[in-house]
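This report concerns only the one structure given below.
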Amino acid sequence: MPKRSALPARLHKLKTNFVSGAVSANMMMRSDTTAYENAAEQLDNFRLLPLGGITRAPGSLYRATVGETGYLAPFIFSETQSYVLAFVDEDVKIYSSAGALVATLSSTPWTAAQLSQVKWAQRGDTMFVFHPNVQTRVIKRTGASTFTIAAFDYDSNDGDTIRYQPYIKYAAPDLTITPAATSGTGVAITASAAVFDNDHIGGLIRYKGKEILVTGFTSATVVAGTVRTALAGTTASKDWDEAEYGTHRGWPAAGAFHEGRLWTAGGPSNSTGLNASNIGFFYKFDLGSGDDDESIQTSADGDQVSEIRHLVSDEQLLVFTDGGAFRVPSSDSTPITPGGIAIRPMPGNVGALHVRPRKLDGGVLVARTGNKAIDEFLYEGSQRGYVALEVSLLASHLVATPVDMDVLTGSSATSASYAFVVMTDGSVSVFHSNRAEGISAWTKWTTDGKYSRVAVINDKVFFLVERTISSSTAYYLEELDFDTTLDSSIAATSGSATGTWTGLSHLEAETVHGVSGESHLGSATVSSGSVTFDHTATSITIGLDYTPTLKTLRPEFSLRSGTTIGLMKRIVSAVIAVSDTIVFSVEGQQLIARDVTDDLNLEPDQKTGFQRFIFLGWDRDGQLTLTQTVPVALTVQGLQLEIAG
């Protein structure tokens, strides 16, 4: 028997809650902190509750077969009419909030390889979709189940001689152009040095403020064009520019609505460019005479070359690049205007991945460049600025190459707020934030497959999930369901009790479980879309199981001679506080929440109270693992360990 440590005869450690979530191994020597007291080493497939405690992570309902990998975007027209847009290779599939396919936009310009950089800004029935290498598209909802898509075109004047779009001179300051005539078509435009290529065709250049539509390419120094408004002369001039965006220069990389304007930013040729439409006119970018309601054209430049990746409308307009973050100050009494715009760097000097930032619990969550952290930018009203916090610091092991993120700010099933961060390994790291209660914690969710993308519409959470079904890869649209304990599940009813159920072709040859009420009906293998359980029921949920796992941190105490770190310990007992729970196991000991007086022919009643487990053996860690192998209700409010040495 190992030599016993010099611990007192008994020590009690009460873990009152799990409000600090799962923390990384880097915390193993920080038992002095409050976070350590209220955390766990592992919290897989659990959901944190608003007041502490954990419950089995919700399962999912199978909604549709998407058929291929892609990207999800929410389209919220109203509380009663909202949609999930699945961007796939050269198509956009549009699903209702019930998960039904209502429309498909075919032959769209985005390939599968480009989808990770697709950004969007949606307002009312219109969504603007941005990608730096694809002309901006406008998706419009024209009816409850009808949508259109078209290229974004800037407004023009009545005579179509002025295009209200941003212009910039990309060429060297001293480079000149010389028009061969002041009007007409096929007019030769000669540059003093190489500047043109074939992609200039169809774009606009301006000579002393007058537009010329490029219609032909002769060489790097000569193009032909149609003069849209008579030119002032035919002399060589440095006073010329070209459209900021187009086939030659690329397109905006991001956009957002803020203070009544459509803002666009970034792009291959002007990576820090920042432009705003006229107020109330989202297709009109007219500088005019610089009036307060006219267009704004500027840039968000830092100390290093960077590219704008995101715009976020918050208390102020936020600009996130691959190398830093900026804000555009404003207030209700001092809006952003052409003559009053300022761009200020934000603290932290952290860059952003292409993962879309999300607003949660008063802050803005951003996936940091480097793939290892989630930062929060929080507006401080007294300072009229932002502070930056690394909210994933204590759970850094759960953040590894994020690919997508969305947030749920309460629903009919829970008042809690969560961020769902999808990782490249197919897991989801779930961040629970309740600033008023001091809760900032993480858990990890996995499934029999890989989570690929996430989108939240109103109070519904949808995942694009990659699964291997009958040895083939399938992509499903699945909806999170807080009342379900199985993944990719279906719910079915029958007029009479039966053990055979159909409608499972999406899980062909998979082992599935059945749950009816609080009863687990067992498992079976799907064949020809059908499954038969040994037990019968009139209503059932059928789907894939997943395993919740809780592993406690090492309990540590301060002694007169030091601490208990590394000393032999024995956990004498554990008292687990549970609520609405059927069955779970602690260190291999299974508890089935039935009383000796229960009728075993009836569904088990969920139990609430304290459950005590007794243990033997000594080790230096003193950790417990709680798990569940049956997909039924499980909620743990806390635990108390009795430790001897």
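Remarks
- Where a residue in the range 186-213 is closer than 16 Å to ALA230 by Cβ and its partner, wherever it lies, is assigned to a loop (DSSP other than H, G, I, E, B) and β-branched (Val, Ile, Thr), with Cβ under 7 Å and at least six apart: LYS210/THR229; GLU211/THR161; GLU211/ILE162; GLU211/THR229
- Within the range 42-57, residues that are basic (Lys, Arg) have Cβ atoms under 7 Å from residues that are in a strand (DSSP E or B) and open to solvent by 10 Å² or more (accessible area, probe 1.4 Å) in these pairs: ARG47/THR55, counting only partners at least 6 apart in sequence or on another chain.
- Strands (runs of 3 or more DSSP E) contained entirely in the range 360-469, each with at least 2 residues that are of a type outside the set (A, V, I, L, M): 374-380, 385-390, 402-409, 417-423, 428-434, 439-445, 450-457, 460-469
- Test: residue in the range 26-38 that is in contact (Cβ under 8 Å) with a residue 40 or more places away in the chain, under 22 Å from GLU556 (Cβ atoms) and open to solvent by less than 10 Å² (accessible area, probe 1.4 Å): yes
Quick grid of which residues meet (1) acidic (Asp, Glu); (2) under 24 Å from ASP292 (Cβ atoms):
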| residue | (1), (2) |
| --- | --- |
| GLU211 | yes, no |
| VAL222 | no, no |
| VAL227 | no, no |
| SER237 | no, no |
| TYR245 | no, no |
| GLY250 | no, no |
| HIS258 | no, yes |
| TRP263 | no, yes |
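- For the range 330-359, the candidate set comprises residues that are closer than 16 Å to VAL399 by Cβ and not in a loop (DSSP other than H, G, I, E, B); within that set, the residue that is least open to solvent (accessible area, probe 1.4 Å) is ALA352.
- Only one entry in ALA436, ALA419 is free of Cβ contacts under 8 Å to residues at least 24 places away in the same chain and among the small types (Gly, Ala, Ser), namely ALA436.
- Residue match in the range 128-142 (condition: closer than 29 Å to VAL421 by Cβ, free of Cβ contacts under 8 Å to residues at least 60 places away in the same chain and not charged (D, E, K, R)): yes
- Residue check: TYR245 meets all listed conditions (1) modelled with pLDDT of 95 or more; (2) within 30 Å of VAL138 (Cα to Cα); (3) open to solvent by 60 Å² or more (accessible area, probe 1.4 Å) but one, namely (3).
- When the residues of the range 385-411 are filtered to those that are over 20 Å from PRO50 (Cβ atoms) and among the acidic types (Asp, Glu), the one that is surrounded by the most Cβ atoms within 10 Å (Cβ to Cβ) is ASP404.
- The range 531-553, subset assigned to a strand (DSSP E or B), open to solvent by 30 Å² or more (accessible area, probe 1.4 Å) and in contact with a Ser or Thr (Cβ under 7 Å, 6 or more places away or on another chain), residue farthest from ILE469 (Cα to Cα): LYS551
- A search for C-beta distances below 7 Å between a residue of the range 246-257 that is within 14 Å of PHE285 (Cα to Cα) and any residue that is in a loop (DSSP other than H, G, I, E, B), counting only pairs 6+ apart in sequence or on different chains, returns PRO252/TYR245; PRO252/GLY266; PRO252/GLY267.
- Pair list, Cβ under 6 Å, 6 or more apart: the range 60-79 residue within 14 Å of SER96 (Cβ to Cβ), other residue in a loop (DSSP other than H, G, I, E, B) and open to solvent by less than 10 Å² (accessible area, probe 1.4 Å): ARG63/GLY99; ALA64/GLY99
- Qualifying residues in the range 283-299 (those that are touching a residue at least 60 places away in the same chain (Cβ under 8 Å) and of a type outside the set (D, E, K, R)) - the one farthest from GLY250 (Cα to Cα): SER295
- Each residue in the range 97-107 was checked for being among the small types (Gly, Ala, Ser), buried (at least 17 other Cβ atoms within 10 Å of the Cβ) and either modelled with pLDDT under 95 or in a strand (DSSP E or B) (or both), and 1 of them qualify.
- For the range 424-443, the set of residues classified as surrounded by fewer than 21 Cβ atoms within 10 Å (Cβ to Cβ) and touching a strand residue (DSSP E or B) at 6+ places or on another chain (Cβ under 6 Å) consists of THR424, GLY426, SER427, listed by residue number.
- When THR446, THR414, THR369 are checked against the criterion of being free of Cβ contacts under 8 Å to residues at least 60 places away in the same chain and open to solvent by 10 Å² or more (accessible area, probe 1.4 Å), a single residue qualifies: THR369.
- The range 59-87, subset within 18 Å of ALA144 (Cβ to Cβ), among the hydroxyl-bearing types (Ser, Thr, Tyr) and open to solvent by less than 50 Å² (accessible area, probe 1.4 Å), residue modelled with the lowest pLDDT: SER78
- When the criteria are applied in full, ILE94 meets the requirement of being of a type in the set (A, V, I, L, M, F, W, C), over 17 Å from LEU262 (Cβ atoms), assigned to a strand (DSSP E or B) and in contact (Cβ under 8 Å) with a residue 24 or more places away in the chain.
- Count of residues meeting criterion [over 19 Å from ASP286 (Cβ atoms), open to solvent by 30 Å² or more (accessible area, probe 1.4 Å) and not in a strand (DSSP E or B)] in the range 191-216: 8
- If the condition is being of a type in the set (S, T, N, Q), surrounded by fewer than 24 Cβ atoms within 10 Å (Cβ to Cβ) and assigned to a strand (DSSP E or B), then the range 470-492 contributes SER472, THR473.
- Note on the range 108-121: residues that are open to solvent by less than 10 Å² (accessible area, probe 1.4 Å) and more than 23 Å from ALA352 (Cβ to Cβ) amount to 1.
- The lone exception for GLY588 - which of (1) at pLDDT below 85; (2) farther than 22 Å from LEU49 by Cβ; (3) out of contact with any strand residue (DSSP E or B) (no Cβ under 6 Å at 6 or more places or on another chain) it fails: (1)
- Number of positions in the range 16-42 that are touching a strand residue (DSSP E or B) at 6+ places or on another chain (Cβ under 8 Å) and either more than 30 Å from SER392 (Cα to Cα) or at pLDDT 70 or above (or both): 15
- Residue check for VAL92: touching a helix residue (DSSP H, G or I) at 6+ places or on another chain (Cβ under 8 Å), open to solvent by less than 20 Å² (accessible area, probe 1.4 Å) and modelled with pLDDT of 95 or more: no
The values are calculated or read from the model by the stated rules, or taken from the named source; none is laboratory data. Every value quoted in this text rests on a predicted model; they were computed, and no experiment measured them. Don't worry about glycine lacking a Cβ; one is built from the backbone with ideal geometry, like all the others, and counts go over all protein chains shown. When the accessible area is computed, the model is the full protein with side chains, heavy atoms only, and any ligands, DNA or RNA have been set aside. Shrake-Rupley method; radii C 1.70, N 1.55, O 1.52, S 1.80 Å.
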